[in-house]
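Student: Before anything else, here's the structure in question.
The values are calculated or read from the model by the stated rules, or taken from the named source; none is laboratory data. Since we're looking at a predicted model, the values are computed, not measured. We place every Cβ from the backbone using ideal geometry, glycine too, and count neighbours over all the protein chains shown. Ligands, DNA and RNA are excluded from the accessible area calculation, which covers all protein heavy atoms including side chains. Shrake-Rupley method; radii C 1.70, N 1.55, O 1.52, S 1.80 Å.
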Amino acid sequence: MDGFVAELRKIPPVTRFLCGSSLAVTVPLLMNMVSGYKLIYTFNLAIKQLQLWRLYTSFFIGGSGINYLFDLIMLYRNADQLESGPYSRRSADLAYQLLFACGSIIVATVPLKGMIFFHPLLVCLIYLSSSLAPLGAQTSLMGLVTFPVKYLPYSVIAMDLLMGGPGHAAQAIAGAVVGHFWWWGVWGSQPGSRGGVLSAYANAPAWMRNLVGEGGDIPSFKLIETDLSLAFLDIGPLSKGHALVIPKYHAAKLHELPDEHLTDVLPIAKKIALAQGLVDYNILQNNGRIAHQEVDHVHFHVIPKPSVEQGLIVGWPVQSAEMSDLKKYAEELASTLQKNI
């Protein structure tokens, strides 16, 4: 039993809550242990008569049979992709934004007289996850056909239309619309964007961080500090000795950092490598979401590479290039650089 609980705890908290809630609400309903009428949403019962639990249960009433199993797998996969990717170490932010998304789904489905919101919520998460996936990422639908992941929400809507009819598809479209505004409002619609128009309001408050278990001080193991920079061990290391070097000047991306701060960073990274006697190691610095930047503050990783399995593991998709094209671009870039020096 302890092993089972330990495995459950490995699932990110918001993903665990969503999937656990769906099972907790749907299974008793399928076993006729509770009436569906007690779980669905209506404005009169939920708001006017203060049966507030309906605001929760109506989002987790699944279907039956193989369709529910498919939806549950999709819920787990997409929530986990969000929480392990763009929202890594930011589960509280995901939960906080999810509250607003759920409220928006209720409003968006008013013309449809929606009473059950599980499927709109699922499509909303699929849309957000697909929009934040790396460029060129592929997925499959029930393992039958592989296609770019950006088309997944539209495929789900098409299946809803074929299998459930226009009403079911309309519910899915409402979820996709909310997912689109979530992506646009918080993340920005352009690749590499620093955030959307709502990004300044998207950070979870302290009560949500405490609820999700992200409250309190984050452990810090300082290595070096100068007037301009700070270095400390990464609390989620890729290998022993994985360290971060950050400038004290706030800049989201490298090109926004003043030269004097940039000049201070690399000597510190060099000292960390020498202090550990590193032979093989990586110095990593990412800029932008699609370039795998998760924290909007410039930071440099010093990642020891003690073996093939440990440390940074990367792909290097080399592209063919014509020498004439490279020569032309080098001349254009060199000219631009000369003008900016």
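Student: Pairs of alpha-carbon atoms within less than 8 angstrom and 6+ residues apart define the contacts here; what relative contact order does the chain have, in percent?
Tutor: Normalised by residue count, the contact order of the chain is 12 percent.
Student: Which whole-percent values make up P(r) of the range 115-183 when all C-alpha to C-alpha distances are grouped in 10 Å steps starting at zero?
Tutor: Bin by bin from 0 Å, the calculated values are 23, 51, 24, 1.
Student: How many percent of all Cα-Cα pairs in the range 209-323 sit more than 18 Å apart?
Tutor: Numbers: 3795 of 6555 pairs.
In whole percent, the long-distance tail amounts to 58.
Student: Where Rh denotes the Kirkwood radius from the mean inverse Cα pair distance, what is Rg over Rh for the range 44-123? Before the final figure, lay out each step's value.
Tutor: Details: Rg = 14.0 Å, Rh = 13.9 Å.
That ratio equals 1.01.
Student: So what are the ³J(HN,Hα) numbers for the range 283-297, from phi and the Karplus equation (6.51, -1.76, 1.60; θ = phi - 60°), rounded to whole Hz, Gly and Pro as x?
Tutor: These are the phi-based 3J(HN,Hα) values: 9, 10, 8, 10, 9, x, 4, 6, 9, 6, 7, 9, 10, 7, 8 Hz.
Student: I need the Debye-formula profile for the range 35-193: one equal scatterer per C-alpha, no solvent, reported as log10 I(q)/I(0) at q = 0.13, 0.17, 0.18 1/Å, two decimals.
Tutor: -0.61, -1.04, -1.16
Student: Compute and list, largest first, the equivalent-ellipsoid semi-axes of the range 1-107 from the alpha carbon gyration tensor, each √(5λ) rounded to a whole angstrom. Before the final figure, lay out each step's value.
Tutor: Values: eigenvalues 125, 73, 31 Å².
Equivalent ellipsoid semi-axes, largest first: 25, 19, 12 Å.
Student: I would also like to ask the following. Using the Karplus curve 6.51 cos²θ - 1.76 cosθ + 1.60 with θ = phi - 60°, what ³J(HN,Hα) values do you get for each residue of the range 315-322, in whole Hz, with x for Gly and Pro?
Tutor: Result, rounded to whole Hz: x, 9, x, 4, 10, 6, 9, 7.
Student: Between Thr42 and Gln319, how high is the FRET efficiency from 1/(1 + (r/R0)^6) when r is the Cβ-Cβ distance and R₀ = 51 Å? Nearest 0.05.
Tutor: Working: r = 56 Å, r/R0 = 1.10.
Step by step, r from the Cβ atoms, then E = 0.35.
Student: What is the distance in Å between the Cα centres of the range 1-79 and the range 146-180?
Tutor: Between the Cα centres of the range 1-79 and the range 146-180 lies a distance of 20 Å.
Student: What value, in deg cm²/dmol to 500, does the helix sum -39500 (n - 2.57) over DSSP H runs of n ≥ 4 give at 222 nm once divided by the residues of the chain?
Tutor: That comes out to -14500 deg cm²/dmol.
Student: Kirkwood hydrodynamic radius of the chain from all distinct Cα pairs, in Å? List each step's numbers first, then the result.
Tutor: Working: mean 1/r = 0.0431 Å⁻¹.
Computed over Cα pairs of the chain, the Kirkwood hydrodynamic radius comes out at 23.2 Å.
Student: Another question about this same structure. To the nearest 20 debye, what charge dipole does the chain have about its Cα centre, counting +1 at the Cβ of each Lys and Arg and -1 at the Cβ of each Asp and Glu?
Tutor: Details: 24 positive and 24 negative charges, 166 e Å.
Here the chain has a charge dipole of around 800 debye.
Student: What figure in square angstrom, to the nearest 10, would you give for the accessible area of Tyr154 with a 1.4 Å probe?
Tutor: So the heavy atoms of Tyr154 present about 120 Å² to solvent.
Student: So what is the orientation-averaged projected area of the range 34-86, using the convex hull of its C-alpha atoms, in nm²? Mind dumping the intermediate values first?
Tutor: Values: hull surface 19.6 nm².
Mean shadow area of the hull around the Cα atoms is 4.9 nm².
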